[in-house]
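Report on the following structure.
The values are calculated or read from the model by the stated rules, or taken from the named source; none is laboratory data. These numbers were taken from a predicted model, which means no experiment stands behind them. So basically every Cβ, Gly included, is an ideal-geometry build from the backbone, and we count neighbours across all protein chains shown. The accessibility values were calculated without ligands, DNA or RNA, using every heavy atom of the protein model including side chains. Shrake-Rupley method; radii C 1.70, N 1.55, O 1.52, S 1.80 Å.
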Amino acid sequence: MATEKINLTAPQELVGATAEDTQINSIDAPKAQALDNDTPELNTPAMSVEFADEEAALAADEAGLNLGDETAEEQEAAQVSSDLSGLNESELVALFASKLESEPVQTLRSVVEAIKIAFYKQHRAKVDAERKAFLEAGGQEEAFTPTPDGDEQRFKELFAIYREQRDKHIAQMEADKEENLKIKLQIIEELKELVNSDETMNTTFTRFRELQTRWKETGLVPQANVKDLWETYNLHVENFYNFIKINKELRD
């Protein structure tokens, strides 16, 4: 499975004319704290091994922490510069919990991906250091089992909460789009009726403007319906203007 590379050095440009507005987030990461020199794993030379973002993302995916496709709304969410390399695993878990509690779920994807990669860079290095020490002590590769990691367990719990909230938000967003589709189809039906109206031209034109306003104020519809819906709407808007033109010519 291809993994998504997180860019922590430059903002991502906004894309998609129909994507939802989202809040711009910033990662106010706490200052890095000194690592505990009494922790054996952190003093092992193997901990200095650097893993690429792709390797860390793959390790996270293998741990069951994959988010799948990005929504248009998430693409619109600002990407901000942040350096998480100075944070240890516990601090990254704390940052994840803070973001999850304080910020809208639809704006968190890039932050979660960044924290996930930073966490698994450290976690993988720690496990590799533990494996190296085990093998050097005479252990067999197939017998190696990493020491249970409380930080990783907590990270997975937070990720599960985030995923559940994100899935609920996406489901609600899709339900809203279906409702918006019904509203816009009704507006089109009302547009059709205007050309057969017995009302005065001023009244008819006022109703037309009201329908245009309702159309603009109605939110997004399912992507599969966007093209046909827009073409149908424009067709009946054009028909209405032709109707107005013909009536004016008849009066003249």
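The table for this structure:
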item: Residue 128-residue 160 FRET efficiency (beta carbon distance; Förster radius 25 Å; 0.05 resolution); result: 0.45
item: Distance in nm between pseudo-label sites at residue 214 and residue 235 (7 Å out along the Cβ direction from Cα); result: 2.0
item: Gained length - residue 198 relative to residue 147, 0.36 nm times residue gap less alpha-carbon distance; result: 10.3 nm
item: Listed residues 210, 217 arranged by accessible area, highest first, probe 1.4 Å; result: 217, 210
item: Label point 7 Å beyond Cα of residue 244 along Cβ direction - residues of the stretch 205-231 with amide nitrogen under 14 Å; result: 205-213
item: Residue 193 accessible area, 1.4 Å probe, all protein chains in place, Å² to nearest 10; result: 110
item: 30 Å Cα-Cα threshold exceeded, pairs from 116/184; 132/156; 182/248; 168/192; 184/245; 168/216; result: 116/184; 182/248; 168/192
item: Estimated inter-spin distance, residue 228 and residue 206, nm [label 7 Å along Cα→Cβ]; result: 3.6
